[in-house]
1. Within the chain, which cysteines find no other Cys whose Cβ is under 4.7 angstrom from their own?
2. How much accessible area does Glu181 have with a 1.4 Å probe, in Å² rounded to the nearest 10?
3. Which order do Phe48, Phe222 take when ranked by solvent-accessible area (1.4 Å probe, heavy atoms of all protein chains), largest first?
4. At 1.4 Å probe size, put Leu213, Leu41, Leu99, Leu182 in order of accessible surface, largest to smallest.
5. What size of dipole, in debye to the nearest 20, comes out for the chain about its Cα centre when the only charges are +1 on Lys and Arg C-beta atoms and -1 on Asp and Glu C-beta atoms?
6. Determine the per residue accessible area of region 29-81 with all protein chains present and a 1.4 angstrom probe, expressed in square angstrom.
7. I need the phi-derived Karplus couplings for region 17-25: 6.51 cos²θ - 1.76 cosθ + 1.60, θ = phi - 60°, integer Hz, Gly and Pro marked x.
8. Probe radius 1.4 Å, ligands and nucleic acids ignored: give me the carbon and sulfur share of the accessible area of the chain as a rounded percent.
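The values are calculated or read from the model by the stated rules, or taken from the named source; none is laboratory data. Quantities reported herein were computed from a predicted structural model and do not represent experimental measurements. Here the Cβ positions follow ideal geometry from the backbone for every residue, glycine too, while neighbour counts run over all protein chains shown. The accessibility values were calculated without ligands, DNA or RNA, using every heavy atom of the protein model including side chains. Shrake-Rupley method; radii C 1.70, N 1.55, O 1.52, S 1.80 Å.
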Amino acid sequence: MFAAIDGGTTLWSEGGMWDGPITTRLYRWRPTLQAAAWTLLVALTSLFVPLIAVVGAAVVYPVAFFLQLVGLGAGERAAAGYALLVDLVFQPTGLPLLLPRFVMATLVVLVGVLVVGEVLPRFRQKVRRRARGLVWWRLIGSPLGVSKVIDHFTRGLWQIMRGAGRITTPTHDDLAQRYAELLADNIGQPGFRELIVTVHDLDTRRDLVIALLGNDFRQRFFARRLGAEGRNRHFETMDLAGDMGRHAVDVLAASLCLPIVTDAHLIRFSEESPWRGERHQLCDRPGATARLLEEVANSGAEQVILVTALPESTGPYSVESSRRDARGRAGAQLAAIETPSVRDALASCADRFQNVFQIRPVHNPLGPFDFSGGYDERSDRMFRLQELLRVGWEDGFQQFVGPVVGASGEWIRDGWLEQPGEHGSGANSLPTLGTDH
């Protein structure tokens, strides 16, 4: 969506959306769960106070005995002082009375934190839905927060659209409408590209295909779903050039929501849509690459440049240490699902295109949630996100610009192909593919 409005460089350039201190705070544990974990830790730690007193005695008395052996009177005074302290602490009005009260107060705070963390977001939500299930599951919710991620990229999208002007960020509906109008009015101009994105509807268990195409291809792309053989597929598409343009930011938010580990994005369709004002839960679907390529082929594209941060599957002697942290395990499973989906997508859809070009790293030690970097076992060093951006930039040259563009003798400006052309011929005429990484 950034590249479609000539803003792709703001993602990977120095100081861009992926290069900054805020990226280390993306997809962190939800603040409610963090506060609840610290509160629970304090309550559990307080239960060890009596044990600390016993351990302290096991340390103080041997030291006092040693000091008394060497003829120092401080040993006897230390033992007597510690015995007096223990006596005061364990008096009926001391620790036996205060400790249960403190633990109970801490547990009350824990419940309050969970309740507030559940109630406040519901007041902030513009779209709400009823939910069933035990109250504890509602209070805990999904482990990772996605609000900062959505706000970060929504602000970045607005910064591109507003240019040098200092205009406050509009509401999501207003921003979405402006984005759709900007892209629809400028398709065919240098830097602007047609757009196809897929997200998954958890309620209907279908992929939603969101597109904004030029007039020559828009009618054919959407009309093919209205025939008798594909009648139900009419519900799977959204044309951002029409009334559905108000959902452009919803599509961006849904593509940043991951199943299970984050909450899905709630969207309320308009009364005029096929869904008649229903509220649906949308998120990304790992393994949707094949569906995306299918829709790109249906749009009339003849060439595809497939970019992914996942290296190809490796053979023997490539097993690395498993991750113990929860975010690391979730990221490893997500990458394991995505990697074969790319291969399957290429195998099933490659014959529908004249050319399919791939840009992917040979080795990527970072998982989907390693925004703060990670340890690379192969090189025995830390690998940062900024380094991955540089590697991706170099891979783009080595795997596509040099062997493909350079070999064909096309004009290269600022490191990337700038060639106006008709749909299906030339890089700028290709629809921008919505990818997961």
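1. Unpaired cysteines in the chain: Cys349.
2. Per-residue accessible area (Glu181): approximately 100 Å².
3. Most to least solvent-accessible, the answer reads Phe48, Phe222.
4. These residues rank, largest area first, as Leu41, Leu182, Leu99, Leu213.
5. 1700 debye
6. About 68 Å² of surface per residue is accessible.
7. Per residue, the Karplus-derived 3J(HN,Hα) values read 5, 9, 10, x, x, 5, 5, 6, 9 Hz.
8. 58 percent
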